[in-house]
Amino acid sequence: MRYEIEFFGHENIRSNHKKTIEITKELHLTPRGDCIIGVNASSSCADLPQELKNKLKNSKTNVHFLIKVGDDEFALQGKGHPDLTLTHDEDIVLRKSDFICPRTLSVKCDKASDLVPREMVSNLQNPTTKGLFIITVD
């Protein structure tokens, strides 16, 4: 199963958090949001199709993510978890840890925002840059 979310860049994109990566439906971003790679996203956790949510709530589910910005791509993977609520109306957060809150889409991810290629981050500092966040589950 595959699900795509469009998002946009913002001048305050920093993408240097070592444990998480996030996209948000919010339009505004302060420099403190150092895990955020995109704003004005077309979906949040709450917006995901129920079939996808059901798969994400299984600890055996492997989740693959691909972030595309122009010709650049950044891939990472994580796991599902039975305690995921997937109810946040604004955000999607991928975590290296097991921490779960309504914003958490995946845990035990193998990468975080600090590993996003700097060229991609530079492109995302332009508010007109469009990105694609692709979720694929087994």
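What about K55, is it within 23 Å of S97 (Cβ to Cβ) and assigned to a loop (DSSP other than H, G, I, E, B)? Outline the logic, then answer.
Working: within 23 Å of S97 (Cβ to Cβ): yes; assigned to a loop (DSSP other than H, G, I, E, B): no.
No.
Which of the residues belonging to the range 17-36 are over 11 Å from S113 (Cα atoms), charged (D, E, K, R) and crowded, with 18+ Cβ neighbours inside 10 Å?
K25
Please identify the pairs in which a residue from the range 99-119 that is at positive phi has its Cβ atom under 8 Å from the Cβ atom of a residue that is of a type in the set (D, E, K, R) and at pLDDT below 95, counting only partners at least 6 apart or on another chain.
Short answer, once both residue conditions are applied: none.
Which count do you get for residues in the range 1-51 that are over 16 Å from H88 (Cβ atoms), in a loop (DSSP other than H, G, I, E, B), modelled with pLDDT of 95 or more and of a type in the set (K, R)?
3
Give the residue that is surrounded by the fewest Cβ atoms within 10 Å (Cβ to Cβ), with candidates limited to residues of the range 106-138 that are in contact with a Leu (Cβ under 6 Å, 6 or more places away or on another chain) and among the hydrophobic types (A, V, I, L, M, F, W, C).
I134
Against the conditions (1) touching a helix residue (DSSP H, G or I) at 6+ places or on another chain (Cβ under 8 Å); (2) of a type in the set (G, A, S); (3) under 17 Å from T104 (Cα atoms), where does A41 fall short? Just the number, please.
(1)
Within the range 61-72, identify whether any single residue is among the charged types (D, E, K, R), in contact with a Leu (Cβ under 7 Å, 6 or more places away or on another chain) and surrounded by 16 or more Cβ atoms within 10 Å (Cβ to Cβ), and answer yes or no. Spell out the reasoning first.
Narrowing the range 61-72 to residues among the charged types (D, E, K, R): 68, 71-72.
Retained after the next criterion (residues that are in contact with a Leu (Cβ under 7 Å, 6 or more places away or on another chain)): 68.
Those still in the list that are surrounded by 16 or more Cβ atoms within 10 Å (Cβ to Cβ) too: 68.
Checked the range 61-72: at least one residue is among the charged types (D, E, K, R), in contact with a Leu (Cβ under 7 Å, 6 or more places away or on another chain) and surrounded by 16 or more Cβ atoms within 10 Å (Cβ to Cβ).
The values are calculated or read from the model by the stated rules, or taken from the named source; none is laboratory data. In this text the structure is predicted, and so the values were computed from the model without any measurement. Positions of Cβ are backbone-derived with ideal geometry, glycine not excepted, and every protein chain shown enters the neighbour counts.
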